[in-house]
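The values are calculated or read from the model by the stated rules, or taken from the named source; none is laboratory data. Keep in mind it's a predicted model, so treat the numbers as computed, not measured. Note that we place each Cβ from the backbone using ideal geometry, even for glycine, and neighbour counts take in every protein chain shown. Areas reflect the complete protein model, heavy atoms only, side chains present, ligands, DNA and RNA absent. Shrake-Rupley method; radii C 1.70, N 1.55, O 1.52, S 1.80 Å.
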Amino acid sequence: MFMQMWPYCCVMLIVLISGPGLAADCTGYVLEQIHSLVLQHDGGIFFGLRWQPPSDMTCVNRYCVCWTKLGETKEHCFHITADNPSYIVNSIDPCTNYTVKVSAINTNYHLYSHNVSLNFRTSMYLHSDYIYVVKHV
């Protein structure tokens with residue numbers, strides 16, 4: 001026997017969450033950009049980025065990290081939480097020019113700061129299977 005239960009089982013819960021970018025009313029807010037974007041690690045097939053957060057984090061709840069290869073139009077982007085101003089990108093090509101852009105964002109209010117960009121060339125990746133030592137006699 002089928003019984004219609006939705007009118008009796010429907011409960012609405014409202015949860016208030018606090019944290020960066022969630023407690024303040026960020027309507028019309030202009031986000032400050034990040035500072036000092038640097039290439040922290042270059043492993044040929046991966047790279048690590050680090051930056052200084054904006055001095056005003058009132059409405060920042062994430063960072064948007066994007067990168068493209070020189071000559072390509074496809075941009076790869078990830079949103080990361082605002083508590084760690086760094087990111088590691090894996091599975092990239094060695095000896096390749098990249099452009100990276102990082103911006104502070106608020107996903108609740110669809111706010112983006114101006115991005116800060118960095119251009120660099122990844123190094124050659126040498127896997128231990130490909131390193132040979134030649135002994136001179």
- Contour minus Cα-Cα distance for SER91 and SER36 (0.36 nm per residue): 17.3 nm
- Query: Applying the Karplus parametrisation 6.51 cos²θ - 1.76 cosθ + 1.60 with θ = phi - 60° to the phi angles of region 98-111, what ³J(HN,Hα) value in whole Hz is obtained for each residue in order, glycine and proline being reported as x?
  - Reply: 10, 10, 10, 10, 10, 9, 7, 9, 10, 6, 6, 10, 6, 9
- Query: For the pair ARG50 and CYS66, how long in nm is the line joining their label points, each one 7 Å along Cα→Cβ?
  - Reply: 2.6
- Sorted largest first, the Cα spans of region 30-82 on the principal axes come out in Å as 35, 23, 17
- On each of the three principal axes of the Cα atoms of region 35-122, give max minus min coordinate, whole Å, ordered largest first. 39, 25, 18
- Other-chain or far-sequence residues with amide H under 5 Å of ASP42's (modelled H): GLY48
- With Cβ to Cβ distances under 13 Å as the rule, what net charge do the other residues near PHE78 carry (K, R +1; D, E -1)? +1
- Note on the structure: The relative contact order of region 35-122, taking Cα pairs under 8 Å that sit 6 or more residues apart, comes to a percentage of 33
- Accessible area in the full protein assembly, largest first, 1.4 Å probe, for CYS64, CYS77: CYS77, CYS64
- Item | HN-Hα J in Hz across region 35-47 - Karplus 6.51, -1.76, 1.60, θ = phi - 60°, x for Gly and Pro | 10, 6, 5, 9, 7, 8, 9, 9, x, x, 10, 8, 9
- Message: Taking amide H atoms as placed 1.01 Å from N in the peptide plane, list the residues 5 or more away in sequence, or in a different chain, whose amide H sits under 5 Å from that of THR96.
- Response: THR122
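Report the local net charge at CYS95: Lys and Arg +1, Asp and Glu -1, summed over other residues whose C-beta lies under 14 Å from its C-beta. Present the calculation step by step, with values, prior to reporting the outcome.
Values: positive: LYS69, ARG121; negative: ASP42, ASP93.
Taking every Cβ under 14 Å from that of CYS95, the sum is 0.
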